[in-house]
Amino acid sequence: MYFIDLLDRLFQELGTEFRKIHIPFSVAFSLVGLVEGLHKVFLPEKEPLLTRYSLSVIGKNQTLDITRAKEELGYSPSISVDEGIQRYVKWYQQQEGEKE
């Protein structure tokens, strides 16, 4: 499964439109660096929502595949991806409800 497909499914469960826009990686990296710097000055006690590190992780094609873990380690997930997404959405919505 591709990471982008996982995000698409997550947004569907949240009932939110997932809009993909293409920004060259070098431009995004520079902008995020600027935002990190501003964040450090104005909100030093909090971590930015997006960092250059997290951008580096999500900014490249990601394939999420547990085949080797299953074959070599005998791993068997206790819940499916779909159930995991549903649990996350339920938890997220509870957290958002507590903020109100």
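Here are some notes:
- Members of segment 74-100 that are surrounded by 10 or more Cβ atoms within 10 Å (Cβ to Cβ), among the hydroxyl-bearing types (Ser, Thr, Tyr) and either in a loop (DSSP other than H, G, I, E, B) or free of Cβ contacts under 8 Å to residues at least 12 places away in the same chain (or both): 75
- If only residues of segment 1-55 that are touching a residue at least 60 places away in the same chain (Cβ under 8 Å) and of a type in the set (D, E, K, R) are counted, the one that is farthest from residue 91 (Cα to Cα) is 9.
- Where residue 39 falls short, out of the listed (1) part of a loop (DSSP other than H, G, I, E, B); (2) more than 20 Å from residue 59 (Cα to Cα): (1)
- Unique residue being among the charged types (D, E, K, R) and farther than 19 Å from residue 8 by Cβ when the list is 60, 40, 20: 40
- The listed residue being of a type outside the set (A, V, I, L, M), modelled with pLDDT of 95 or more and touching a helix residue (DSSP H, G or I) at 6+ places or on another chain (Cβ under 6 Å), out of 74, 59, 33: 33
The values are calculated or read from the model by the stated rules, or taken from the named source; none is laboratory data. As the structure is a prediction and not an experimental result, all values here were calculated from the model. Virtual Cβ from ideal backbone geometry, glycine too; neighbours counted across all protein chains shown.
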